[in-house]
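Down below is the structure, laid out as structure tokens.
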Amino acid sequence: MLKYRTYINETQKVLSYEVVYKETYLLIKLEKNFKIRILKNLISLRKPIENYIKKNPEFLTSLKPIEPKKYAPEIIKKMCFVSQKTGVGPMSAVAGTIAEFLGYKILNWIEKENFKKFLIIENGGDIFAYIDEPINIAIYASETSPFTGKLILKINLLNQPLGICTSSGTVGHSLSFGSSDAVIIISNSASFSDTLATATGNLVKTESDIKTAVEFAKSFNETIFVCIIKNKTISFWSKTDKIRVC
């Protein structure tokens with residue numbers, strides 16, 4: 001298991017398992033073991049993205065928003081739509097969008113089979129969640145950050161889709177033009193949270209940039225929560241008291 005995954009709290013009421021296909025490495029928390037079905041659907045979500053990139057390589061490399069082709073599949077259109085809102089390239093939303101599309105499929109299965117409506121899909125630090133009880137997620141900034149493992153996000157927004165996404169200029173392989181240790185965005189869409197985390201992280205070069213970056217992130221109506229960490233400085237804002245940093 002990836003080290004940062006130990007910072008998501010466990011609950012005895014659900015199973016926890018990983019689903020892997022190519023570069024996509026999912027952690028699933030769910031009452032039912034849908035591993036085979038999830039893998040099949042993950043492949044069916046990735047395939048149209050891969051095929052679209054073959055025909056339109058700029059979709060993979062563009063660092064600015066681009067218009068989708070008329071024949072583009074829905075997942076491509078979604079990535080283009082959210083990236084146009086935040087001003088970055090569409091691939092900035094890939095992990096969150098895959099988690100979100102997969103999340104809605106699984107929620108349909110849960111509904112039909114009457115299982116507990118608790119689901120977490122973590123994909124490379126980006127989370128789609130639908131919870132019927134509060135969860136705690138410990139903040140992971142970097143191995144050297146004084147905040148890693150010391151602060152917890154207490155999330156009590158129940159029975160609604162949540163996108164809890166993180167971007168970092170110092171952790172992981174994702175492209176960032178900033179140098180934040182962590183930018184965490186929460187909204188009701190993992191696709192949107194993913195691309196906004198990237199756009200916000202791009203603004204943070206030094207601690208003095210944090211205030212401006214927080215103002216940028218919270219200016220979007222979709223934003224519910226934002227947290228930015230750089231070295232020994234942390235700043236956060238929340239639209240609701242149902243998300244707290246402790």
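Read the figures in this text as sums done on the coordinates, not as results from a lab. Bear in mind that the values here come from a model prediction, so they are computed numbers and not experimental data. Cβ placement follows ideal geometry from the backbone for every residue including glycine, while neighbour counts extend to all protein chains displayed.
Numbers for the structure displayed
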read-out: Most mobile listed residue (Asp126, Asp181, Asp209) in the chain, GNM with C-alpha springs under 10 Å; value: Asp209
read-out: Zone of Thr233's modelled label, taken as backbone nitrogen in region 183-201 under 13 Å from a point 7 Å along Cα→Cβ; value: none
read-out: Long-range HN-HN contacts of Ile127 with modeled amide H, under 5 Å; value: Ile164, Cys165, Thr166
read-out: Residues listed by number, region 116-144, amide nitrogen under 14 Å from Tyr25 label point at 7 Å toward C-beta; value: 122-126
read-out: ³J(HN,Hα) computed for each position of region 205-220 - Karplus, 6.51 cos²θ - 1.76 cosθ + 1.60, integer Hz, glycine/proline x; value: 9, 9, 4, 5, 8, 4, 4, 5, 5, 4, 4, 4, 5, 7, 6, 8
read-out: Range in the chain, longest, excluding exposed GluC sites (Glu not before Pro) [loop by DSSP; at most 13 other beta-carbon atoms within 10 Å]; value: 24-142
read-out: Environment charge at Glu50 (Cβ cut-off 13 Å; Lys +1, Arg +1, Asp -1, Glu -1); value: +4
read-out: Alpha-carbon centroid distance for the pair region 193-246 / region 17-73, whole angstrom; value: 27
read-out: Inter-probe distance in nm under a simple model that places probes 7 Å from Cα toward Cβ, at Ser179 and Asp132; value: 4.8
read-out: Sparse-neighbour loop sites [trypsin sites (Lys or Arg not before Pro); region 82-156; at most 12 other C-beta within 10 Å; DSSP]; value: Lys150
read-out: Calculated Rg and Dmax of region 3-245 using C-alpha coordinates, Å; value: 17.1, 51
